[in-house]
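The values are calculated or read from the model by the stated rules, or taken from the named source; none is laboratory data. Keep in mind it's a predicted model, so treat the numbers as computed, not measured. Glycine gets a Cβ as well: all are built from the backbone with ideal geometry, and neighbour counts include every protein chain shown. Note: accessible area is taken over every heavy atom of the protein model, side chains too, but ligands, DNA and RNA are not part of it. Shrake-Rupley method; radii C 1.70, N 1.55, O 1.52, S 1.80 Å.
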Amino acid sequence: MARPAGPRIAETRHRGRAPTLERVTDARALLDGRRLVVLTGAGLSTDSGIPDYRGPDSPPRRPMTYAEFVSGEPAQRRYWARSHVGWARMRRAEPNAGHRALAALQCPLITQNVDGLHGEAGHRDVVDLHGRIDEVICLGCRRVGGRDDLQRRLTELNPGFTESVSAEIESAPDGDAALEATDGFRIAACRACGGVLKPHVVFFGENVPRDRVAHCYAMVEELEPDTGALLVVGSSLAVMSGLRFVKHAAKRDVPVVIVNRGSTRGDDLATVRVDTGCSEFLAELAAERSAYPTSPPNEGAVRAL
């Protein structure tokens, strides 16, 4: 594999200390004037109150896999009971300074997040790699509907369920909640065919649609080593669905800048690696760059969450 273009800047582990100003400056200097494609992960949404999977302070997570979900009604009841509580909290999340900075830059963006906050912030060119949690798909007829409608149906089927759950129950990533008592929760079927409803997101163990992956590869292909860069923000790159685009950029000698709290699986491929918060880095980057949209972000956009 070819080395990333530009000098490789080795990172010293800081064990809680602030990153050096020089490394942040190196990253912004490398990105300055280049055409960017941005890849974001859960670390970008933590400032909006949405927990991540693998941040430095995150407890161990065990999200439901696709195989578990399709195994039968007990697993589906467990998922939807937890999600019914988690969604009621997640839908109140708002874009943070990092989302707004990226919306100001309007770079082509690939997000591994399913929360829809990039769109709410006004970002137009977004590929939701893992889908959207504000949509529901039927595994039978493949009809796609809105999550709000399902939430109303679940509330009618399970009156008082959310109110009976302690406010102390921890929120989990992707609109989930750390809820164990799910016996008796009633789930809703597809209105059209009576089939099993699933959130329109890619579960662990499920494949990202091929056309979506191809589109993301094409975005990276448009970057040139001398004029472009791939910026990774808030992702540990622990799963191949995002890491493959970093590998592809590095193979083409396109510089890769990784901004994340904690180490990532792509650190060895980074031209510059910065251990810092996403929001502050992106806000400073947006303030320095001149690539603002000719019209302001769509502040009137209505979020479907």
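Sequence-ordered 3J(HN,Hα) estimates for the stretch 220-232 from the Karplus curve with 6.51, -1.76 and 1.60 and θ = phi - 60° stand at 5, 4, 6, 7, 9, x, 8, 10, x, 7, 9, 10, 9 Hz, glycine and proline given as x. Which value, in debye to the nearest 20, describes the size of the charge dipole of the stretch 205-266 about its Cα centre when Lys and Arg Cβ atoms bear +1, Asp and Glu Cβ atoms bear -1, and nothing else is charged? Computed charge dipole of the stretch 205-266: roughly 320 debye.
Converting phi to 3J(HN,Hα) with the Karplus coefficients 6.51, -1.76 and 1.60 and the offset θ = phi - 60°, the stretch 204-217 yields 4, x, 10, 8, 5, x, 4, 5, 5, 4, 4, 5, 5, 4 Hz in sequence order, with x at every glycine or proline. Measuring with a 1.4 angstrom probe and ignoring ligands and nucleic acids, GLU284 comes out at about 90 Å² accessible. When the Cα convex hull of the stretch 26-156 is projected onto planes of every orientation, the mean area is 10.0 nm².
Residue by residue, the stretch 85-96 carries 3J(HN,Hα) couplings of 6, x, 5, 4, 8, 5, 5, 8, 5, 10, x, 9 Hz when phi is fed to the Karplus relation 6.51 cos²θ - 1.76 cosθ + 1.60 (θ = phi - 60°); x denotes Gly or Pro. Solvent-accessible surface (1.4 Å probe) assigned to HIS215 amounts to roughly 90 Å².
Normalised by 2.2 N^0.38 Å, where N counts its residues, the alpha-carbon radius of gyration of the stretch 59-113 equals 1.60. So, R0 is 35 Å and r is the distance between the beta-carbons of ARG210 and GLU94; what FRET efficiency does that work out to, to 0.05? Calculated value: 0.60. With protein chains left intact and a 1.4 Å probe, residues in the stretch 55-167 average 44 Å² of accessible area per residue. Taking the Cα centre of each part, how many Å lie between the stretch 83-153 and the stretch 185-221? Each part reduced to its Cα centre gives a spacing of 13 Å. Measuring with a 1.4 angstrom probe and ignoring ligands and nucleic acids, CYS141 comes out at about 60 Å² accessible. Taking a sphere under 11 Å around the Cβ of GLY228 and counting the other residues whose Cβ falls inside, with K and R at +1 and D and E at -1, yields a net charge of -2.
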